[in-house]
Amino acid sequence: MMQFKIASAHGYKYEFWISVKSDLAQSLHTQPALAIYEGDKLLFKIQEASKAAQYFHYTHEGTSKKLTLHIDNHGIELPLFYFYDPKTVDEKGITYVRFDKGDIQFYDEPQIAQYYQKNHRPVLHFTPFSGWINDPNGLCKYNDEYHLFYQYHPINSAWGPMHWGHAKSKDLITWTHQPVFLHPEQNLWMLDATGGAFSGTAYVDKDNILRFFYTERLAAYDLYGGYKEIQKLAVPNKETIEPRYIETILDTYPDGVKDDFRDPKVWYDEKDYLYKMILGSNYKGNSAILLYTSPDMLNWDFHSPLYIAPEYFSKNDGRCVECPDFFKLGDHWVMIFGIVGYEEAATGRFNLLYALVGSFENNVFTPYSDELQILDFATEYYAMQSFKADDRQLAFAWLYNWANEPNPNLPYSGDLSLPREFHLNDDLQLCMQPVAEIKNYRQNEQSIKITSAQTLFNNQNSRSFEISLTDIADKEFELQMFNEKQQHFCSLKYVDHILSLVPKSNTQSQYIYPLKKLDDLRLFFDQGIIEVFANSGVACGTLRLQQVQQCTQLQIKSEEQSDITLTSWGYAPKSHIQ
Ligand code: FRU
């Protein structure tokens, strides 16, 4: 039994996930798994924990004296434990508690930033403190702050019963961790099932009223079918954003749909005074996006499929659309979706994202061209979600694609992309650029003209930097990246009018983008994450190299006197509390 002192004040909330290490381990239940005391007074007790994880919370009604935590450390595990003062959590975030070899450590915002720095976390990319994350969810700007929710499995770094984690930010780069926002409806660990609070979006109306729409996958015993997905509305508390109540708003499937019926996105259509919702699905055998309408956000009617993907997707293992997105950009409508399971024969890539630009009238989307624009010419950019903030359409994606194994040596799994902003170019192609806020984190600007073959040492910034190439004037080049062991791990090339990313770790897939002319190029490296933006972001390529941490050397080879200008910046974290 370990005993620790822990801070408290009236109203403090403690949330934790407990499981028993093995059937016999919990000291044969002679002592409580966990107890909280104020002096001699027992305030809270879990007598018996179970092998399956369970979530508990305790709100302190007493004074500000420190509390004592009694933990049966031989018997139980506490994969996630945090506490906070609900009155200040909004600004200060939560304090994570970690138990390590008989010791207890507290991480509140300044220490979380130090912990991230010490453990070489990406600087510009969001990662969770611990656990597994996948899709960004519920993105919104609300009361001048950005909210990021994400698919979260809190008890280990593998996908499992889904929760919504939550963080908020003033600038889209530096995040304050908030309490878990949504839990699965049932204890799925106990049921040995998967499912839970799946992906969804936020909707802020013109009167600043915030709503969340998401899918609950009911307890499921198969990953590929036979499950039920229902749509839910979470109505938040105005001040704290905590869900005030949750309602089921859609639990029947239309004809032609089974199993996959998820990831709602909602908006209001002022033309016909109706709310609209799209869902990712499979309609009569093909990946599809379904359109629903509602007068009140509660009662939803199936209207029609808004989009049905060409048959070749289902013929090549495409199971359904996931995380569909649909928004107005200027005078045009943009549709974005991913098809899970599909493998592109020509390049060997999995689970890609596609965009279409067109018009939307009378509930019909008419793309200007049927040709799908591939959103990323590499591979780790999936489950993207966009949201409108002021005049900008912004997006985050998950840097993964279900096809690559996460790094088992990291205490967490899952990174989100750079925040990106959309625009359409003159050819009405969808372009993405990193948001301008990133420039506030730049350091050590260096600029050189490339003559021919050159080695650029970048030790100082080796974990997180940006390279920008200008004055390219159609010159060919190869930029080679080396790690701290002088191993060449990736190249970025522009040869024969093809822009390509060539990671040494993957020889089966091809990451190429034909470009008649390369005008500009930006490459971000952040602790093994590579994001490339070419020609104002019409060509974007994203890789999450799980085994790479540093890029200590860059070599660039180009034609004689190419005169390409290369500018570089290092990136350093900013304190979480400014
Ligand atoms: C996409 C996805 C979504 C689903 C969620 C579950 O990565 O499969 O369709 O809602 O992840 O975690």
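The values are calculated or read from the model by the stated rules, or taken from the named source; none is laboratory data. Computed from a predicted structure; not experimentally measured. Here Cβ is always computed from backbone atoms with ideal geometry, including for glycine, and neighbour counts include all displayed protein chains. With ligands, DNA and RNA removed, areas are computed over all heavy atoms of the protein, side chains included. Shrake-Rupley method; radii C 1.70, N 1.55, O 1.52, S 1.80 Å.
Region 206-295: which GluC sites (Glu not before Pro) are DSSP loop and have at most 16 other beta-carbon atoms within 10 angstrom?
GLU239, GLU270
Where q = 0.09 Å⁻¹, what log10 of I(q)/I(0) comes from the Debye formula for the chain, counting one point per Cα?
-0.72
Label points 7 Å out from Cα along the Cβ direction at TYR115 and GLU343: separation in nm?
3.9
Using helices alone, I'd like the mean residue ellipticity at 222 nm for the chain: each DSSP H run of four-plus residues gives -39500 (n - 2.57), total over residue count, nearest 500.
Value at 222 nm, helices only, nearest 500: -1000 deg cm²/dmol.
Rg to Rh for region 284-336: what is it, with Cα atoms only and Rh by Kirkwood?
1.05
Once you order the gyration tensor axes a ≥ b ≥ c over the Cα atoms, which shape class does region 418-544 get: rounded for a/c under 1.5, otherwise prolate or oblate by comparing a/b with b/c?
Cα axes put region 418-544 in the rounded bin.
Leaving out ligands, DNA and RNA, what percent of the accessible area of region 423-565 is carbon and sulfur, probe 1.4 Å?
Roughly 44 percent of what the probe reaches on region 423-565 is carbon or sulfur.
Under a plain spin-label model, where a point goes 7 Å from the Cα along Cα-to-Cβ, how far apart in nm are ASP205 and GLU445?
Using points 7 Å along Cα→Cβ, the separation is 4.6 nm.
With the Cα gyration tensor of region 118-206 giving a ≥ b ≥ c as the square roots of its eigenvalues, does the rule (a/c under 1.5 for rounded; else a/b larger than b/c for prolate; else oblate) give rounded, prolate or oblate?
Verdict is oblate for region 118-206.
Just to be sure I follow: if Rg is taken over the C-alpha atoms of region 380-469 and Rh is the Kirkwood radius over the same atoms, what is Rg/Rh?
Ratio of gyration radius to Kirkwood radius: 1.03.
SER369 versus LEU223, label points 7 Å from Cα toward the beta carbon: distance in nm?
About 3.6 nm separates the two model spin labels.
Would you mind calculating the gained length between ALA9 and ASP272 on full extension (0.36 nm times residue separation, minus the Cα-Cα distance), in nm to one decimal?
In short, 89.6 nm is gained.
Quick one: dipole size for the chain, taken about the Cα centre, charges +1 on Lys/Arg Cβ and -1 on Asp/Glu Cβ, in debye to the nearest 20.
1500
Leaving out ligands, DNA and RNA but keeping every protein chain, what accessible area does HIS10 have, in Å² rounded to the nearest 10, with a 1.4 Å probe?
100
Region 270-353: which trypsin sites (Lys or Arg not before Pro) are DSSP loop and have at most 12 other beta-carbon atoms within 10 angstrom?
LYS271, LYS284
For region 42-162, with all protein chains present and a 1.4 Å probe, just round the carbon and sulfur fraction of the accessible area to a whole percent.
Exposed carbon and sulfur together represent 47 percent of the surface.
Evaluate the charge dipole of region 416-493 about its Cα centre and quote only its size in Debye, nearest 20, assuming +1 on the Cβ of each Lys and Arg and -1 on the Cβ of each Asp and Glu.
380
Heavy-atom accessible area per residue, the chain, 1.4 Å probe: how many Å²?
Here the per-residue accessible area is 41 Å².
How big is the gap, in Å, between the Cα center of region 429-502 and the Cα center of region 167-190?
Distance between centres, Cα-based: 34 Å.
Hey, got the Cα dimensions of region 28-118 along the principal axes, in Å, largest first?
Computed over region 28-118, the largest-to-smallest principal extents equal 40, 31, 22 Å.
Compute the acute angle (0 to 90°) between the alpha-carbon long axis of helix 109-118 and the principal axis of greatest extent of the alpha-carbon atoms of the chain; round to the nearest 10°.
Around 50 degrees separate the two axes.
Are there GluC sites (Glu not before Pro) in region 380-489 that DSSP puts in a loop and that have at most 14 other Cβ atoms within 10 Å, and which ones?
Within region 380-489, the qualifying GluC sites (Glu not before Pro) (loop, at most 14 other Cβ atoms within 10 Å) are GLU484.
Shape verdict for region 227-281, please, from the Cα gyration tensor: rounded (a/c under 1.5), prolate (a/b greater than b/c) or oblate.
Verdict is oblate for region 227-281.
Once R0 is set to 22 Å, what does the formula 1/(1 + (r/R0)^6) return for the Cβ-Cβ distance between TYR37 and TYR245, expressed as a FRET efficiency to the nearest 0.05?
With R0 = 22 Å, the Cβ-Cβ based efficiency is 0.05.
Provide the packing ranking of 289-297, 60-68, 534-542, 426-434, i.e. peptides ordered by the mean count of other C-beta atoms within 10 Å per residue, highest first.
Ranked from most to least packed, the peptides come out as 534-542, 289-297, 426-434, 60-68.
Rank these residues by their accessible area, most exposed first, probe 1.4 Å: VAL204, VAL89.
From most accessible down to least: VAL204, VAL89.
Please state, to two decimals, what the Cα-based radius of gyration of region 495-554 comes to when divided by 2.2 N^0.38 Å (N = residues).
My calculation over the Cα atoms of region 495-554 gives 1.15.
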